[in-house]
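Colleague: Structure in structure tokens, see below.
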């Protein structure tokens, strides 16, 4: 019997159990990442917290958290709230990943979430203590929530 409360989730639980038995390649194996994982972090935010923010009335607050490039990106969208929430979630996840490995919080404004030309997000930390770290991130949002996940690797 499953602890899962619906048939779809139960099927997913079975699938995960089968994959554990298989011990096949993981996504990390496929990307040839050979750095040891030092920390992980995850965060979820309610998008409504960011719904009424605008650059005119909330500039001081927004600039404490987001870089100019992040603000330009988010406010170029018809609805900036999910993009602001996703970046905030990601910064929280990055901080949690770093702190789980014993690093100090670099601060929101030092963490920048960027997208490459294909739209793939990456993180940059503007502090010298963080030059030899690799952080892989994933962001997502739906109608009312944003979610971010960060995995921290320390370069040797």
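The values are calculated or read from the model by the stated rules, or taken from the named source; none is laboratory data. Quick caveat: nothing in here was measured; it's all calculated off a predicted structure. Glycine also receives a Cβ, built like all others from the backbone with ideal geometry; neighbour counts cover every protein chain displayed.
Colleague: Quick one: how many residues across the range 114-140 are in contact with a helix residue (DSSP H, G or I) (Cβ under 8 Å, 6 or more places away or on another chain) and either at pLDDT 90 or above or not assigned by TED's automatic domain parsing to the domain that holds residue 72 (or both)?
Modeller: Residues in the range 114-140 being in contact with a helix residue (DSSP H, G or I) (Cβ under 8 Å, 6 or more places away or on another chain) and either at pLDDT 90 or above or not assigned by TED's automatic domain parsing to the domain that holds residue 72 (or both): 9 in total.
Colleague: Can you tell which of 102, 107 is exposed (fewer than 14 other Cβ atoms within 10 Å of the Cβ) and either over 23 Å from residue 79 (Cβ atoms) or out of contact with any strand residue (DSSP E or B) (no Cβ under 6 Å at 6 or more places or on another chain) (or both)?
Modeller: Testing whether each residue is exposed (fewer than 14 other Cβ atoms within 10 Å of the Cβ) and either over 23 Å from residue 79 (Cβ atoms) or out of contact with any strand residue (DSSP E or B) (no Cβ under 6 Å at 6 or more places or on another chain) (or both) leaves just 102.
Colleague: Being surrounded by 14 or more Cβ atoms within 10 Å (Cβ to Cβ) and over 15 Å from the mean Cα position of the chain (by Cα) is the filter here; which residues of the range 111-135 pass it?
Modeller: Residues satisfying the conditions are 130, 133.
Colleague: Can you name the residue in the range 17-43 that is under 23 Å from the mean Cα position of the chain (by Cα) and in a helix (DSSP H, G or I) and, of all such residues, is modelled with the lowest pLDDT?
Modeller: Here the answer is 30.
Colleague: Just the residues that are modelled with pLDDT under 95 and surrounded by 14 or more Cβ atoms within 10 Å (Cβ to Cβ), please, taken from the range 141-156.
Modeller: The answer is 141, 152, 153, 154.
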